[in-house]
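To start, the structure under review is shown below, and the notes come after it.
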Amino acid sequence: MTRQALVVVDMQEYFCQPGHALARFLATAGQPGAADWYWDRLETTVVPNISRLLAEFRARADLVLFTEFGSRATDGSDLPRWARRHNEMAIAALGEPIYLPLSDPAARVIPELAPAPGDVVVQKTTSGPLAGTDIAARLAKAGVETVVVTGVVTDVCVTGMARELADADFGVFVVADACGAPMRESHEWALRVAIPTFAAITATDDLLAEATGMAVAEQRKAL
């Protein structure tokens with residue numbers, strides 16, 4: 001039985017690598033270069049920190065759960081209205097959608113964070129992670145009391161994950177330096193305003209230091 005779980009939200013290729021339609025759409029929809037902060041942050045901060053957390057949680061045999069967002073229908077018709085609207089805007093601007101079918105290889109978690117044997121991958125068609133999934137049931141069955149949330153996008157699915165898990169009566173931590181969003185302002189707003197009602201904001205180093213301290217304490221008890 002595990003008491004704590006790590007959740008990695010939507011760290012998929014088409015969300016996290018700039019060669020896909022989402023990156024091109026962000027470039028056309030906003031100011032030129034506005035999303036550069038996002039791609040740089042993912043490469044230099046978010047992915048390395050999630051990797052460190054994955055190593056820690058796997059070493060403790062705690063539950064690791066990934067989510068992947070996309071449509072089950074190849075034409076995206078089963079996505080909620082907001083996502084269909086975004087896809088329509090992208091098709092008008094680029095000739096292709098930004099939210100891909102889950103059957104597309106680019107909908108998989110990026111190789112740098114690839115799920116390991118024993119990790120759980122839950123696919124979803126909504127930004128609200130508990131709608132239409134068994135995430136809460138999986139966590140409860142594993143004996144989880146506290147969930148550590150990482151991933152993208154900070155002000156959308158990460159915020160949704162924190163809020164819905166809190167409503168499901170889990171304790172929630174959001175790791176600020178293991179999250180990202182295309183707009184820096186939106187990322188910082190979510191961490192400052194939207195998330196703190198539902199979750200404690202923490203940092204990767206603080207979590208790992210706490211885990212080390214707990215391990216040392218357990219070792220001393222065993223002596």
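The values are calculated or read from the model by the stated rules, or taken from the named source; none is laboratory data. Note that the structure is a prediction, hence the values are computed from the model and not measured. Methodologically, a virtual Cβ is constructed for each residue, glycine included, from the backbone with ideal geometry; neighbour enumeration extends over all protein chains shown.
A few comments on the model shown:
- In the set Leu22, Leu65, Leu42, only one residue is touching a Gly at 6+ places or on another chain (Cβ under 7 Å), touching a residue at least 24 places away in the same chain (Cβ under 8 Å) and either within 20 Å of Thr126 (Cβ to Cβ) or crowded, with 21+ Cβ neighbours inside 10 Å (or both); that residue is Leu42.
- Of all residues in the range 160-208, those being farther than 16 Å from Pro129 by Cβ, part of a helix (DSSP H, G or I) and within 15 Å of the chain's Cα centre (by Cα) number 3.
- Matching entry among Arg85, Arg108 (being among the charged types (D, E, K, R), more than 20 Å from Arg3 (Cβ to Cβ) and surrounded by fewer than 15 Cβ atoms within 10 Å (Cβ to Cβ)): Arg85
- Residue check: Phe66 meets all listed conditions (1) aromatic (Phe, Trp, Tyr); (2) under 22 Å from Ala23 (Cβ atoms); (3) in a helix (DSSP H, G or I) but one, namely (3).
- Number of the exception - Ala55 against (1) under 17 Å from the mean Cα position of the chain (by Cα); (2) within 19 Å of Thr146 (Cβ to Cβ); (3) surrounded by 14 or more Cβ atoms within 10 Å (Cβ to Cβ); (4) of a type outside the set (Val, Ile, Thr): (3)
- Test: residue in the range 23-34 that is part of a helix (DSSP H, G or I), hydroxyl-bearing (Ser, Thr, Tyr) and modelled with pLDDT of 95 or more: no
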